[in-house]
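I have placed the structure first, in the form of structure tokens, so that the comments after it can refer back to it.
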Amino acid sequence: MKMVYFPSNSMLEEAVLKSLELLEGTATTEQINMKVIEVLSLSDEIVQLEDESGLGTKLNYRLRWARTNLKSKGKIKNVTRGTWTLA
């Protein structure tokens, strides 16, 4: 089995912030996720990797946590359900 390099939590958090900057400060969850893939140049293999829980992809799961962590640090805000902005 081939090892797949997965970005660290801090890399994902930085990529979420960078993505929001590139998207002019406000974006939907989906827009942020797509931009993170672009910013980090993630392979299809990484993007499509299933989460251990079987409830979607590992990337989407980890990006949910990255946004939660950034929100608790006061760096981003959830303005409406599914829409984020830089704090």
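Coordinate-derived values only; no laboratory data. Since we're looking at a predicted model, the values are computed, not measured. Neighbour counts are summed over all protein chains in view; Cβ atoms, including those assigned to glycine, are modelled from backbone coordinates with ideal geometry.
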Practice problem: Note down the nm distance, to one decimal, between modelled labels 7 Å out along Cα→Cβ at Asn69 and at Glu52. | Solution: 1.6
Practice problem: Report the residue, chosen from Gly54, Gly25, Gly74, that carries the largest GNM mean-square fluctuation when the chain is represented by alpha-carbon nodes joined by springs under 10 Å. | Solution: Gly54
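For the chain, which span is the longest to avoid every loop-located (per DSSP) member of GluC sites (Glu not before Pro) having at most 12 other Cβ atoms inside 10 Å? Mind showing how you got there, number by number?
Values: sites that count: Glu24, Glu52.
Result, exposed sites excluded: 53-87.
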Quiz item: Given H placed on each backbone N at 1.01 Å, which residues far from Ile76 in sequence or on other chains put an amide H within less than 5 Å of it?
Solution: Lys71, Ala87
